[in-house]
Amino acid sequence: MTKEQWGQLQQRLLKTVGQNNYKNWIEPIEFGSTQDGVATFEVPTNFLGNYVSQNFADLILHEVRQEDPAVRRLRFAVPSHVNATTKPARPAQATAPRAPAEKTPRSTLSTAPLDARFTFDNFIVGKPNELAHAAAKRVAEGGPVTFNPLFLYGGVGLGKTHLMHAIAHELRLRRPEMNVLYLSAEQFMYRFVQALRDRKMMDFKEIFRSVDVLMVDDVQFIAGKGSTQEEFFHTFNALVDQNKQIIISGDRAPGEIKDMEERVKSRLQCGLVVDLHPTDYELRLGILQSKVEQQRKNYPGLDISDGVLEFLAHRISTNVRVLEGALTRLCAFASLVGREIDMELTQDCLSDVLRASERKITVEEIQRKVSDHYNIRLSDMIGPKRLRSYARPRQVAMYLSKKMTSRSLPEIGRRFGGRDHTTVMHGVKRIEELKIQDGQIAEDLELLRRALEE
Ligand SMILES: Nc1ncnc2c1ncn2[C@@H]1O[C@H](COP(=O)(O)OP(=O)(O)OP(=O)(O)O)[C@@H](O)[C@H]1O
């Protein structure tokens, strides 16, 4: 095969893989040579090579064989001149005065503080979080990198930060020689901005490229922040190229993070993505039991009547942080008044929390959340426009109003600009169908339901 043939072949691939994939993955590839049935392509980074080989190799091979049936295998390699231009940086540094070069990055390389309570031992595992826990445990072993990055996501207070800290604790214990950097995405941005301001970008890059494990919490924070995202993207690629483990957490799946560049989303998705599902009753009860044991260290005489923990696990279903806060308050209160924790004390002490958790969701709240989610104006959702971009979110909001409030169809119709109850009924039915056929709608509904229940 010749370079011209590869050029033509790329154009055919453009039609198959689409503009975005083409720009990101196919266009940067250059044809090298064929030898012994192996066609070698030059790629700018190992990361790109790995990605292409995992995702597009079959397709490319199929096309290549149309030109040259002797080709049996493809190889993607970073050409030696690219390595040669990046590599000299190190020897050059080695001959430069060593002390400042080494000291500057190290001195600023401080991990964000880790909460001593957030360990694997204190993390209760149940159905909703077992996969996330298992993946976290695996990367915490510090062995060869199997999936990169590990992306953990889930709603508020479901244990993402707890798991991230647990990984960092464990790695420090098992692999003390490893350079583990844990920080929130906000801190990443802060350090980046500081480096720009102080004209210390080279130090910044050096710090982040010298870690063995990079852990970034709440990555959604950098969405919409152009240059921080750009720097994050380069840091990410550099580390993956060096086969360094990256662990990221976010409040939703990478593909759903609004205002995140496509190329960043696609990087975040290319390892293992696991989610922490909302807790179920058994998990909440297990967490409460374990937290009671921890509370006993502060309150040795802690006495809790039968049924109280079950009651709390049943009634406070939103998030673990609220559940934990309720228990802490209850224990402190009981200790102050010197009483046993029974149902009566629980109801008195936690009346506001209990009331909040049985909070009624309103149609107006649903309309607001749905219009935010789909980025349309509330007036367009309620108004008469029939465009699909308004009609579908409207139907989603009608569906959620039917499922999550006690309002009747005519009442819902009135709140949607005075529409007839048959329109609402049609909308609800349509979404019920789409929920089965269209994965995106099912995910939207799940996200919205979670957000409304928070
Ligand atoms: N499975 C669990 N076992 C024990 N404690 C848990 C569990 N899940 C959550 N928690 C506790 O709930 C609290 C909130 O958890 P964490 O801060 O990790 O949530 P998060 O998912 O990072 O939330 P946010 O979205 O607000 O950042 C912490 O005190 C944590 O220890």
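Quick notes on this structure:
- Label point 7 Å beyond Cα of Asp121 along Cβ direction - residues of segment 276-310 with amide nitrogen under 16 Å: 290-298
- Size of charge dipole - the chain - debye, nearest 20, with Cβ of Lys, Arg +1 and Asp, Glu -1, no other charges: 960
- Across Lys369/Lys429; Lys127/Lys435; Lys160/Lys244; Lys23/Lys160; Lys360/Lys429, pairs whose alpha-carbon gap is larger than 28 Å: Lys23/Lys160
- Counted charge near Val43, where neighbours are those whose Cβ lies closer than 13 Å (Asp, Glu -1; Lys, Arg +1): -3
- Between Ser227 and Asp259, the contour length at 0.36 nm per residue exceeds the alpha carbon distance by 10.3 nm.
- Every helix of 4 or more DSSP H residues in the chain counts as -39500 (n - 2.57), and over all residues that averages to -18000 deg cm²/dmol at 222 nm.
- Shape metrics for segment 353-448, restricted to C-alpha atoms - Rg then Dmax, Å: 12.9, 42
- Cα shape, segment 127-276, gyration tensor, a/c 1.5 rule: oblate
- Taking the number of Cβ atoms within 10 Å of each Cβ as an exposure proxy, the fewest-first ranking of Phe208, Phe147, Phe56 is Phe147, Phe56, Phe208.
- Once the chain from Glu443 to Thr146 is taken as fully extended at 0.36 nm per residue, the excess over their C-alpha distance is 104.2 nm.
- Taking Ser290, Ser266 and counting other C-beta atoms within 10 Å, the order from fewest to most: Ser290, Ser266
- Rounded if a/c under 1.5, otherwise prolate or oblate - the chain, Cα gyration tensor axes: oblate
- Loop-located GluC sites (Glu not before Pro) in segment 144-250 (DSSP state not H, G, I, E or B) with no more than 12 neighbouring Cβ atoms inside 10 Å: Glu177.
- Net length gained if the chain between Glu27 and Leu14 were fully extended (0.36 nm per residue, minus Cα distance): 3.8 nm
- When only the Cβ of Lys, Arg, Asp and Glu is charged (+1, +1, -1, -1), the dipole of segment 212-334 relative to its Cα centre reaches about 260 debye.
- A simple spin-label model places the labels of Lys403 and Asn375 2.4 nm from each other, with each point 7 Å out along Cα-to-Cβ.
- Globularity index of segment 3-79, i.e. its alpha-carbon radius of gyration over 2.2 N^0.38 Å: 0.98
- Asp342-Thr362 FRET efficiency (beta carbon distance; Förster radius 30 Å; 0.05 resolution): 0.30
- Selection of trypsin sites (Lys or Arg not before Pro), segment 145-208, meeting DSSP coil and at most 14 other Cβ within 10 Å: Arg199
- Relative contact order %, the chain, counting alpha carbon pairs below 8 Å whose residues are six or more apart: 12
- Ranked Met201, Met425, criterion: other C-beta atoms within 10 Å, fewest first: Met201, Met425
- Dipole-positive endmost among Ala313, Val273, Phe41 within the chain (Cβ charges, Cα centre): Phe41
- Label-point gap, in nm, between Leu354 and His314 - each point 7 angstrom along Cα→Cβ: 1.1
Where a number appears in this text, it was derived from the coordinates with a stated rule and is not lab data. Model, not experiment: these values are computed from the prediction. Positions of Cβ are generated from backbone atoms using ideal geometry, with glycine treated the same way; all protein chains shown enter the neighbour counts.
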